[in-house]
Amino acid sequence: MHLGNTQDFKDRVAVSTLPANVAGLAAGTTVMTLDGEKAVETLKAGDRIITRDSGMAILRETRNQNVHVAFIQIKAGSLGHTRPEADMILGPDTLVHIRDWRAKALFGADVATVKAKRLIDGEFVSEVKAKSLTVYELIFEKQHIVYADGLEVASTAV
């Protein structure tokens, strides 16, 4: 039995082991809590997180994973005044909540929650060369819109 070119096999294996859904915030990203801004990697279950949709929500857990993928970089202030507050890195499948002219122009709605990779414009929102990085997901009882570096980002629900 012939298995074909060894390199072809390696390429197929590499493709099949790529992360399927990489969502989350990079270490160092600040999240707004009732106790002030905190780095995402320091958050823990029970923290009270400020949300756009409910005012405050109790964090159920955080999940982190180390992944090797092309991340999305959003330049400071490019999605609204001080949104984000500084250049930030997101997983490509992180849901970003937009509610300005971009939502109307790109999605025909006043408000849209879209994967970060769908906002790539090559100038203000761009894909960063693949690298290994730990991403953190915030888990609540239901999905919330949280403030991460001033940007509105959707959380994960249980």
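The values are calculated or read from the model by the stated rules, or taken from the named source; none is laboratory data. Since we're looking at a predicted model, the values are computed, not measured. Glycine also receives a Cβ, built like all others from the backbone with ideal geometry; neighbour counts cover every protein chain displayed. Keep in mind that these areas ignore ligands, DNA and RNA; they rest on the heavy atoms of the full protein, side chains included. Shrake-Rupley method; radii C 1.70, N 1.55, O 1.52, S 1.80 Å.
Once backbone amide H atoms are built at 1.01 Å from N, Thr51 has Met56, Ala57 as its partners under 5 Å, excluding neighbours fewer than 5 places away on the same chain. Contact order, relative form, for segment 83-154: 42 percent (alpha carbon pairs under 8 Å, 6 or more residues apart, mean separation divided by residue count). Label segment 31-108 by shape, choosing from rounded, prolate and oblate, from the square roots a ≥ b ≥ c of the eigenvalues of the Cα gyration tensor; if a/c is under 1.5 it is rounded, and otherwise prolate applies when a/b is larger than b/c, oblate when it is not. It is oblate, given that a/c is not under 1.5 and a/b is not larger than b/c. Enumerate the aspartates and glutamates that Lys142 could reach by cross-link, defined here as Cα to Cα under 19 Å, with residues fewer than 8 away along the same chain left out. Result set, ordered by chain and number: Asp47, Asp53, Glu61, Asp93, Glu152. Relative contact order of segment 7-158, taken over Cα pairs closer than 8 Å and 6 or more residues apart, is 29 percent.
Between 0 and 90 degrees, rounded to the nearest ten: what's the tilt of helix 6-16 against the longest Cα principal axis of the chain? Helix 6-16 sits roughly 20 degrees off the main axis of the chain. 3J(HN,Hα) along segment 57-69: 9, 8, 5, 7, 6, 10, 10, 10, 8, 8, 10, 10, 7 Hz, from the Karplus curve 6.51 cos²θ - 1.76 cosθ + 1.60 with θ = phi - 60°, whole Hz, x for Gly and Pro.
Heavy-atom surface analysis with a 1.4 Å probe gives the chain a carbon and sulfur content of 52 percent of its accessible area. So if a site counts as exposed when it's one of the trypsin sites (Lys or Arg not before Pro), its DSSP state isn't H, G, I, E or B, and it has at most 13 other Cβ atoms within 10 Å, what's the longest stretch of the chain without one? After excluding every exposed loop site, the longest remaining stretch is 45-128.
A 1.4 Å probe run over the chain, with the rest of the protein chains in place, finds 55 Å² accessible per residue. Each Lys or Arg adds one and each Asp or Glu subtracts one; over the other residues with Cβ under 13 Å from the Cβ of Leu43, this totals -1.
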